[in-house]
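Trainee: Submitted below is the structure of interest, expressed as structure tokens.
The values are calculated or read from the model by the stated rules, or taken from the named source; none is laboratory data. Just so it is clear, the structure is predicted and the values come from calculations on it, not from any experiment. Using ideal geometry, Cβ is built from the backbone for each residue, glycine included, and neighbour counts are taken over all protein chains shown. Keep in mind that these areas ignore ligands, DNA and RNA; they rest on the heavy atoms of the full protein, side chains included. Shrake-Rupley method; radii C 1.70, N 1.55, O 1.52, S 1.80 Å.
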Amino acid sequence: MLEVQGIDAGYGPVQVLRGLSLDVRPGEITCLLGRNGAGKTTTMKAIMGLLPLGAGRITLAGEDIGRLPAHEVPRRGIGYIPQGRRLFAELTVAQNLEIGLMTRNSPRHVLTRVLDLFPRLADRMGQRAETLSGGEQQMLATARALCLEPRVLLLDEPTEGLQPSMIEAIRQVVIRLKSEGVAILLVEQRLDAVLSAADRVVFIENGQVRETADAADLRARPELLKRYLGV
Amino acid sequence: MEFGPHLMLAALEGAVTAAVLALMAAGLSLVFGVMRVVNVAHGEFYMLGAVLAFVVAGMAGGGAPGFVAALVAVPLIVAALAVAADRAVLRRLSYDPERTIVATIGILYILQQLALMGYGPDARPVAPPFNHRIALPWIDWGAGGPVLTWPWGLSITSYKLFVIGAAATVLAGLWLLMTRTRIGLVMRATQLDRETAQTFGIPVGRVYALVFGLGAGLAALAGVLIVPIQQAHYLMGGDALLLSFIVVIIGGLGSLPGTLIAAVLIGLSDGIISVFFSPTLAKIIATLLVALVLVFRPQGLMGKPAR
Ligand SMILES: Nc1ncnc2c1ncn2[C@@H]1O[C@H](COP(=O)(O)OP(=O)(O)O)[C@@H](O)[C@H]1O
Ligand SMILES: [Mg+2]
């Protein structure tokens with residue numbers, strides 16, 4: 001579905017990603033693991049077209065999207081849940097969702113469906129996003145991305161700083177999307193939470209892929225994790 | 001004239017200043033709020049509004065039709081010019097806050113010199129489309145209770161009332177645009193988080209061009225409205241820019257309601273102090289107010305503290 005092939009990317013003169021490749025398949029959760037500063041967020045930004053590519057290609061269902069203007073990338077069906085949520089803080093819940101719906105002119109029933117997944121948001125439609133609790137904010141960030149009916153979903157540390165009950169709620173939604181055939185790229189620090197749900201794991205270090213492994217293998221041989229992450 | 005009627009007259013003059021200032025400052029504030037660009041050339045868009053009003057009104061045969069033609073066409077022409085400046089200059093600087101200040105200083109001088117070359121150094125008026133004198137009543141407290149009197153000299157022209165009404169209408173429209181429409185939502189989302197806006201399909205470059213054009217169009221509209229009262233002159237942008245900055249700083253950068261409150265405050269005090277004391281004192285007090293705001297409430301009356 002989404003293929004990243006040998007990309008170089010970074011911030012101005014600072015190169016972060018070096019020949020990074022990965023692919024994300026429909027109905028699968030691909031997990032991106034790596035230490036702080038390894039380039040996980042940068043990978044997501046590069047996919048979203050926010051950083052110019054120095055080399056390589058990014059294709060979505062065969063279409064080259066690597067050189068599109070940034071605002072065209074989500075219109076191809078990529079939903080992004082950025083690290084730190086990045087809600088439009090002064091806008092209401094409804095307005096944040098409206099922006100998600102506007103991305104691809106989603107029909108109104110999409111909103112109904114998204115609010116079914118996150119009933120707590122339905123009660124807070126008129127509230128400003130900045131007044132929500134951390135868990136609710138993460139729900140809103142997720143709901144906003146789902147409003148564009150994504151074929152591919154990018155989640156950057158969605159459970160960072162959340163209570164276990166919220167983590168579980170987010171996890172259930174991700175698993176449900178997977179079962180609906182969405183291709184999911186998930187960045188997480190908490191390996192335990194990820195490993196049970198992931199299909200494949202990509203380890204990155206210094207902006208390069210160190211190893212790609214089957215999640216089933218990792219579950220069987222946890223010593224591999226130690227090697228790649230030092231945990 | 002007695003003190004009361006005199007004060008009312010000064011306040012009415014101040015209200016005209018406040019109306020024009022509010023339009024201009026709203027444009028400056030919008031551009032800063034959404035784009036984080038301090039547009040030093042904003043006063044020149046106001047000047048161009050006035051100068052082009054003279055040109056367009058003349059081409060359209062003068063009189064009321066000439067003025068109406070200018071009122072409609074000039075803000076659009078200036079907005080288009082601003083969009084071109086955005087594409088040609090600001091975008092190439094990636095909207096860097098410091099470099100755009102230098103760039104807009106350059107745009108300021110280019111526009112000013114072009115106006116001098118094309119229009120000349122003279123100040124020229126445009127006839128107002130209508131200009132009835134409307135006498136205003138005053139209530140005197142005589143021995144037998146309140147009496148309505150018509151003090152000599154207490155009057156306003158219908159055109160000045162029109163300026164106040166037109167500015168209020170346009171600002172109300174701007175408020176509705178920002179809070180009730182899709183394009184307003186898109187502009188606010190861009191203002192709040194430009195990068196995330198892009199990841200939701202918002203073409204930030206086009207939004208910036210639109211905002212810069214809209215801001216310049218508001219300044220130009222203020223310029224068109226003012227020419228029948230003050231004449232058009234190629235150097236008129238300087239004072240207007242200073243006052244707009246004062247208003248925007250006092251009101252809170254990027255806050256539309258704050259800008260309106262500050263415009264009324266500065267416009268009225270400018271009118272009243274100019275009439276009773278001197279215009280210089282009015283400017284001194286306005287500048288002092290800015291200094292006080294910067295010291296005690298740096299985010300302005302209605303602005304939010306930086307997070
Ligand atoms: N805006 C930026 N400008 C310059 N360097 C950055 C920027 N953002 C991140 N970096 C650098 O890029 C590297 C990778 O960062 P990031 O992708 O955020 O890592 P993580 O894997 O923790 O998400 C780090 O060395 C970081 O310092
Ligand atoms: Mg990160």
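Trainee: Using the Karplus equation 6.51 cos²θ - 1.76 cosθ + 1.60 (θ = phi - 60°), what ³J(HN,Hα) coupling, rounded to whole Hz, does each residue of region B:176-183 give in order, writing x for Gly and Pro?
Mentor: Once θ is set to phi - 60°, the couplings for region B:176-183 become 5, 4, 6, 9, 10, 10, 4, 5 Hz.
Trainee: Give me the accessible area per residue for region A:89-149, probe 1.4 Å, as a whole number in Å².
Mentor: Numbers: 2360 Å² over 61 residues.
Accessible area per residue: 39 Å².
Trainee: A follow-up question, please. Note down the nm distance, to one decimal, between modelled labels 7 Å out along Cα→Cβ at residue B:116 and at residue B:179.
Mentor: According to this spin-label approximation, the distance is 4.4 nm.
Trainee: Could you work out the local net charge near residue A:216, counting Lys and Arg as +1, Asp and Glu as -1, over the other residues with Cβ closer than 13 Å to its Cβ? Write down the numbers at each step before the final one.
Mentor: Values: positive: A:200, A:219, A:221; negative: A:28, A:199, A:214, A:217.
Taking every Cβ under 13 Å from that of residue A:216, the sum is -1.
Trainee: Still on this structure, please answer the following. Mind checking the mean number of beta-carbon atoms from other chains within 10 Å of the Cβ atoms in A:102-115?
Mentor: Values: counts 7, 4, 2, 1, 0, 0, 0, 0, 0, 0, 0, 0, 0, 0.
Mean partner shielding for this stretch: 1.
Trainee: How large is the Rg to Rh ratio of the protein assembly as shown when both quantities use alpha carbon positions and Rh follows Kirkwood?
Mentor: Ratio of gyration radius to Kirkwood radius: 1.10.
Trainee: Using a 10 Å cut-off around each Cβ of peptide B:190-198, what is the average number of partner chain Cβ atoms that fall inside?
Mentor: On the way: counts 1, 2, 9, 6, 0, 6, 12, 5, 10.
Mean shielding count: 6.
Trainee: If you don't mind, there's one more thing I want to ask. Rounded to the nearest 20 Debye, what is the dipole magnitude of region B:3-296 about its Cα centre when Lys and Arg each give +1 and Asp and Glu each give -1 at the C-beta? Working shown, then result.
Mentor: Values: 14 positive and 11 negative charges, 124 e Å.
About 600 debye.
Trainee: Provide the gained length on full extension for the span residue A:189 to residue A:68, in nm with one decimal, where the gain is 0.36 nm per separating residue minus the Cα-Cα distance.
Mentor: On the way: separation 121, 0.36 × 121 = 43.56 nm, distance 3.01 nm.
That works out to 40.5 nm of additional length.
Trainee: Considering only DSSP beta bridges with both partners in the protein assembly as shown, what is the antiparallel share in %, to the nearest 5? Let's see the in-between values first.
Mentor: Numbers: 31 of 48 bridges.
Percentage antiparallel, nearest 5: 65.
Trainee: Moving on to the next point. If each of residue A:226 and residue A:180 carries a label point 7 Å out from its Cα toward its Cβ, how far apart are those two points in nm?
Mentor: Result: 4.1 nm between the two label points.
Trainee: How much area per residue is accessible in region B:1-148 when the probe is 1.4 Å and only protein heavy atoms are counted (Å²)? Walk me through the numbers on the way to the answer.
Mentor: Numbers: 6900 Å² over 148 residues.
Averaged over the residues of region B:1-148, the accessible area is 47 Å².
Trainee: Out of the total accessible area of region A:85-128 (probe 1.4 Å, heavy atoms of protein only), what percent is carbon and sulfur? Mind dumping the intermediate values first?
Mentor: Working: 1000 of 2060 Å².
That share works out to 48 percent.
Trainee: Something else: Calculate the mean, over all residues of peptide A:144-150, of how many other protein chain Cβ atoms lie within 10 angstrom of the residue's Cβ.
Mentor: Details: counts 3, 2, 0, 1, 2, 0, 0.
Counting Cβ atoms of other protein chains within 10 Å of each residue's Cβ and averaging gives 1.
Trainee: Turning to a different aspect of this structure: Quick check: at a probe of 1.4 Å, how many percent of the accessible area of region B:68-170 sits on carbon and sulfur atoms? Write down the numbers at each step before the final one.
Mentor: Working: 4260 of 6020 Å².
Roughly 71 percent, rounded to a whole number.
Trainee: From Cα pairs below 8 angstrom and at least 6 apart in sequence, can you work out the relative contact order of chain A, rounded to a whole percent?
Mentor: Values: 450 pairs, mean separation 66.1, N = 231.
For chain A, the relative contact order is 29 percent.
Trainee: Between residue A:171 and residue A:217, what FRET efficiency comes out of the Förster formula 1/(1 + (r/R0)^6) with R0 = 30 Å and r the beta carbon distance, rounded to 0.05?
Mentor: 0.90
Trainee: Do any GluC sites (Glu not before Pro) in region B:1-77 lie in a DSSP loop with no more than 14 other beta carbon atoms within 10 Å, and if so, which? All intermediate terms of the calculation are to be shown ahead of the outcome.
Mentor: Values: sites: B:2, B:13, B:44; in loops: B:2.
Answer by residue number: B:2.
Trainee: May I pose another question? Using 1/(1 + (r/R0)^6) with R0 = 25 angstrom and r between the beta carbons of residue A:14 and residue B:99, what's the FRET efficiency to the nearest 0.05? Walk me through the numbers on the way to the answer.
Mentor: Details: r = 20 Å, r/R0 = 0.80.
E between residue A:14 and residue B:99, to the nearest 0.05, is 0.80.
Trainee: A further question follows. In square angstrom and rounded to 100, what buried accessible area do you get between chains A and B, total over both, with the probe at 1.4 Å?
Mentor: Numbers: alone 10370 and 14880 Å², together 23190 Å².
Roughly 2100 Å².
Trainee: Between residue B:72 and residue B:135, what's the calculated FRET efficiency when r is the beta-carbon distance and R0 is 22 Å? Round to 0.05. Write down the numbers at each step before the final one.
Mentor: Working: r = 32 Å, r/R0 = 1.43.
Once rounded, the FRET efficiency stands at 0.10.
Trainee: Modelling each spin label as a point 7 Å along the Cα-to-Cβ direction, I'd like the residue A:125/residue B:3 distance in nm, to one decimal.
Mentor: 5.7
Trainee: Given a 1.4 angstrom probe, I'd like the percentage of the accessible area of region B:261-304 that is carbon and sulfur, rounded to a whole number.
Mentor: Numbers: 2020 of 2540 Å².
Accessible surface attributable to carbon and sulfur in region B:261-304 totals 79 percent.
Trainee: If you average the C-alpha positions of region A:25-40 and of region A:66-83 separately, how far apart do those two centres end up, in angstrom?
Mentor: Here the two parts' Cα centres lie 17 Å apart.
Trainee: Could you provide, to the nearest whole Å², the per residue accessible area of region B:175-307 with probe 1.4 Å?
Mentor: 43
Trainee: Around residue A:64, under 14 Å between beta carbons, what's the net of Lys plus Arg minus Asp minus Glu among the other residues? Walk me through the numbers on the way to the answer.
Mentor: Numbers: positive: A:57, A:67, A:76; negative: A:3, A:63, A:72.
Net of charged neighbours comes to 0.
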